Structure formats: C-alpha cells, structure tokens
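I have a structure here, written as structure tokens, and I will follow up with some questions on it.
The values are calculated or read from the model by the stated rules, or taken from the named source; none is laboratory data. Computed from a prediction, not measured in an experiment: that's the story for all the values here. Here the Cβ positions follow ideal geometry from the backbone for every residue, glycine too, while neighbour counts run over all protein chains shown.
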Amino acid sequence: MNQPAIYYGVDVSKETLHISYQIGIDANGQPQWAYQTLPNQADSIEQWAAELPANSHLIFEHTGTYSARLAWVLALQNRPFSLLTPNQSKGFAATLKSISKTDRSDAALLARYGQVFQPQPSQLADESLHQLRQQHKHLNDLRISQQAVANQLHALSFDPRASQKVKASLLVLQQSYLTQIALFEEELDQLSQQELQAISERMQRVKGIGPASSQALCTATNGLAGFESAKAVAKFVGIAPSQTQSGSSVRRRGRMARTGLGYVRGLLYMAARSARKYNLGCKALYDRLRAKGKCHKVAMVAVMNKLLHQVFVVVKKNIEFVNGFSLSKQNLA
C-alpha cells in the first residue's frame, strides 16, 4: 500500500535553500512545521536528498538558474518534485490571507500548496533539448546586444566631433557580435534531433512560419509534446489574452499574459508580420479586426494566436497547410 506523500516546501535563493515540512498538529489543531536551511550547492543538495523518505515530494518555484541545481539533483535521484510559477504561489498565499512574507513562511506555504493541490511531478527536458533552448536564448541575446551597438554607431554618425576611440571600440564589439551570431546560426540550422527537425519542417508548412520561428517554437515546446490544445501552447508562450471582468462595473481591457519565453514571442511576432500579408486566414482576421476599430497591436496578437492554432493542427495531424482553407469563397474573391 502506497504511503501518502510528504510534501516539502523549498524556498530557493541564490545562496540558501529554506525547507519546511509538516511534522504534526498542535493542541489548537494548527499544523506544526519543521524548518531547516541548506546551502544551494550541488553536493549539499545531493547529501540531503539522499536521506529523504521514499514518499517525499518537493514543491518549489521556478527561479531561473537558482533552482536549476535542485531540480537537476532531484531528477538524478528520481525524487518527485513540482515546479510552480511565482503567480501560482502568490495566488495561493492570497487565498490563505497570508500577510507575512519571509523565507520560512514561504517554504511552509509551498508545502501547504502541495498538500492541498497534490500537483503532478514535473519533468526536466532531456540534455540535448536543454542545450538547444540555451543556445536559442543566447542567440537572441546576441542579436539584441548587436542591435544596441548598431544603434550607438548610428547615433554617433550624426556627431561631427564623435570620439574615434569610442567608434573603434563599438566597431570591434559589433564585429565580435556578428561573428558569434553567425556561428550560432550555423549550428542551430542543423537541429541535433531528427524528430524535432521533422516537426520544425511541418511547422514551416504554415504561411508566415520560417526556420527561425519554427526552430525556436519547436525547442521551447519540445515539438508541442504534452500539449493537448493550441490554447495551452498560447498560454505557455505567453500570448493568451487575459481577462478581468466582474459584474457590470469591472471590465478591464485584456492583454497578453507574457508568461512564457520572450524571445519566442518576439520571433512569433515577426512571423505574424509576414502572415498578415501572405497567410490568407491571418490576413482576413487582421483586416476584420482593424475594420472594427481594433488597434494594430491587438490585431497582431490575434494573428499570432491564429498562427499557433494553424501550426498546432498541422503538426499534430501531420497534414498539409492549405492557404485560405477556412475562408469562404466570398472572402477569397
């Protein structure tokens, strides 16, 4: 018979892990929590995790690189863990009317989250996919830095007294960025996984989706694996529109959730710019929304969502993309 899970809440910081778990109930019926701290170092985490009970389940927030060591060690030891977004823990704290926020209270809050919701264990991406995601993110950062240097050089070109040393330094930086960009672009043009390469090619069947956007979307979502709907992909990428409405007086304008990877949204936006011209379904949607008085940005977000829906259907069903298939003959005239 399986034992009930013991949920450990872990509040992650750069130097320290703050750990809390329930050890009993006091005379007033309130839970009692054990608390300990641990250095955020791989060897310390390995030793601590090896001594955990077999039915332990760890809950912690995804904090970028700070939580990477903990997740990696737990995955190596086959310890179940669940990664939460900051919004999930923040919303749970609001439901409990929690007014204190310390490392210790946050760890206990995460443990309580596990007890209440019993989330499914998270899975880390395999090594090759993890490397691909990092390379895509780094390539995007290189492009941003290179553009910033190019903008500085452009601004200096209007100054007749511009420092030649500054211009020379910027030119060296620009050349370095361009060299690194070319190297990463060449490497990423050849995806290491044949399955992801095939899925990326399927995505490019959709008008507007090119190699850059398909590869970024493919690596970010692991080829859309684990997604049951296009809406779920939109939420993951961060372009699903949010909505705030209550009664007749509260009705705020919706906006993008922006919960996913920014560089993927940026590439998807560039794909949408092409799609609104050459993808007949996206063009009709854009023109219809603009005719209704919607601003350019709102219409473009709608086009991005439609593109994702088209990509999802083409990839999941492995079908050819027919430009304008869903439009009536009158719209195509």
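Just give me the residues in segment 170-185 being surrounded by 13 or more Cβ atoms within 10 Å (Cβ to Cβ) and either of a type outside the set (Phe, Trp, Tyr) or within 17 Å of Ala148 (Cα to Cα) (or both), in sequence order.
Correct list: Leu170, Leu173, Gln174, Ser176, Tyr177, Leu178, Gln180, Ile181, Glu185.
Let me ask another. Among the numbered conditions (1) in contact (Cβ under 8 Å) with a residue 24 or more places away in the chain; (2) surrounded by fewer than 17 Cβ atoms within 10 Å (Cβ to Cβ); (3) in a loop (DSSP other than H, G, I, E, B), tell me where Pro160 comes up short.
So the condition that Pro160 fails would be (1).
Does segment 1-21 hold any residues that are part of a strand (DSSP E or B) and closer than 17 Å to Thr102 by Cα, and which are they?
Result: Tyr8, Gly9, Val10, Asp11, Val12, Thr16, Leu17, His18, Ile19, Ser20, Tyr21.
Let me ask something additional. When you check Tyr35 against the structure, is it buried (at least 19 other Cβ atoms within 10 Å of the Cβ) and assigned to a strand (DSSP E or B), yes or no?
It is false that Tyr35 is buried (at least 19 other Cβ atoms within 10 Å of the Cβ) and assigned to a strand (DSSP E or B).
Restricting segment 4-43 to residues that are in contact (Cβ under 8 Å) with a residue 24 or more places away in the chain and among the small types (Gly, Ala, Ser), which is farthest from Arg112 (Cα to Cα)?
Ala42
Conditions tested, residue by residue: (1) more than 24 Å from Thr221 (Cβ to Cβ); (2) surrounded by 16 or more Cβ atoms within 10 Å (Cβ to Cβ).
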{"position": "Ser20", "(1), (2)": "yes, yes"}
{"position": "Ile25", "(1), (2)": "yes, no"}
{"position": "Ala54", "(1), (2)": "yes, no"}
{"position": "Ala107", "(1), (2)": "yes, yes"}
{"position": "Gln123", "(1), (2)": "no, no"}
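Shifting gears a bit: Within the set of pairs 6+ apart or on separate chains, which have a first residue in segment 69-84 that is within 14 Å of Ala125 (Cα to Cα), a second that is surrounded by 20 or more Cβ atoms within 10 Å (Cβ to Cβ) and acidic (Asp, Glu), and C-beta atoms under 9 Å apart?
These pairs meet every condition: Leu83/Glu61.
Here is a yes/no grid of residues against (1) in contact with a Leu (Cβ under 6 Å, 6 or more places away or on another chain); (2) over 30 Å from Gly223 (Cα atoms); (3) at pLDDT below 95; (4) surrounded by 11 or more Cβ atoms within 10 Å (Cβ to Cβ):
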residue	(1), (2), (3), (4)
Thr65	no, no, yes, no
Asn78	no, no, yes, no
Thr85	no, no, yes, yes
Gln88	no, no, yes, yes
Val149	yes, yes, no, yes
